[in-house]
Amino acid sequence: MNTRSVMKNHHTFEKTIEHIIRYAQEIMADVPYQKVLASKEKEMLLESLLLRACALWESFIEREIIFLTSLDPSQLIKKFCLPVKRGLNIKLIRAIIFSDSFRDFHDLDRSMTFFREVISSRFNLFREITGDQKSKIVFAYKIRNYLAHYSEFSKMILFNAYKKPPYKYKMFLEPGKFLLKQKGVNFERLLNNFKIVSIQMRRFIK
């Protein structure tokens with residue numbers, strides 16, 4: 001395995017996020033050749049696009065862990081007490097990391113310990129992500145969790161996030177209304193952050 005697979009993973013993810021943002025811009029701009037949508041319809045579409053972006057992010061992270069681990073599997077071998085001479089291909093690495101239990105890596109701070117345990121420090125690109133970039137991902141997932149459950153708990157968590165800078169909202173906004181504000185500024189900020197994180201990571205690929 002070489003770094004080409006890692007780079008392909010990043011470029012594919014970034015292009016897909018760009019496509020989603022462009023589609024959202026067309027929705028919000030009422031492009032002439034499209035049906036003009038009511039605000040409620042736009043809100044629902046932006047919510048669904050955010051959910052898709054979060055799903056793509058999780059898929060990107062899963063592939064990234066596997067590819068980075070394959071560049072130097074010594075940490076993986078140490079963590080799972082594997083035979084040193086055992087040949088590890090992509091399929092086997094995937095099975096070792098994901099087959100024994102459910103793993104969820106969208107919360108990067110919570111996952112950093114596991115990344116250090118399976119990815120060689122030389123190739124651990126997750127260390128290059130800034131605190132601000134992580135916080136934006138966490139915020140996106142607070143929206144995602146509310147949309148997925150509509151529970152009072154997830155609503156409380158999201159509302160607490162709304163109250164903090166840079167938003168400082170005093171009233172709860174349904175995610176669609178929040179994402180549509182100022183012609184989609186909030187939506188673009190959150191989705192662009194996924195792309196920026198990917199770019200930040202691949203800058204350090206050697």
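The values are calculated or read from the model by the stated rules, or taken from the named source; none is laboratory data. Quantities reported herein were computed from a predicted structural model and do not represent experimental measurements. Note that each Cβ is placed from the backbone with ideal geometry, even for glycine, and that neighbours are counted across all protein chains shown.
Structure above, values below:
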item: Residues being in contact with a helix residue (DSSP H, G or I) (Cβ under 9 Å, 6 or more places away or on another chain) and either modelled with pLDDT under 90 or of a type in the set (Gly, Ala, Ser) (or both) - total across region 56-79; result: 2
item: Extreme residue, surrounded by the most Cβ atoms within 10 Å (Cβ to Cβ), among residues of region 6-27 that are closer than 14 Å to residue 201 by Cβ and of a type in the set (D, E, K, R); result: 14
item: Region 80-120, residues that are within 30 Å of residue 132 (Cβ to Cβ), outside any loop (DSSP other than H, G, I, E, B) and of a type outside the set (Val, Ile, Thr); result: 98, 108, 109, 110, 111, 112, 114, 115, 116, 117
item: Selection status of residue 187, over 30 Å from residue 72 (Cβ atoms), touching a helix residue (DSSP H, G or I) at 6+ places or on another chain (Cβ under 9 Å) and not in a helix (DSSP H, G or I); result: no
item: Options 199, 205; residue that is surrounded by fewer than 16 Cβ atoms within 10 Å (Cβ to Cβ), in a loop (DSSP other than H, G, I, E, B) and touching a residue at least 24 places away in the same chain (Cβ under 8 Å); result: 205
item: Single unsatisfied condition, residue 78 versus (1) over 17 Å from the mean Cα position of the chain (by Cα); (2) in contact (Cβ under 8 Å) with a residue 60 or more places away in the chain; (3) within 16 Å of residue 124 (Cβ to Cβ); result: (2)
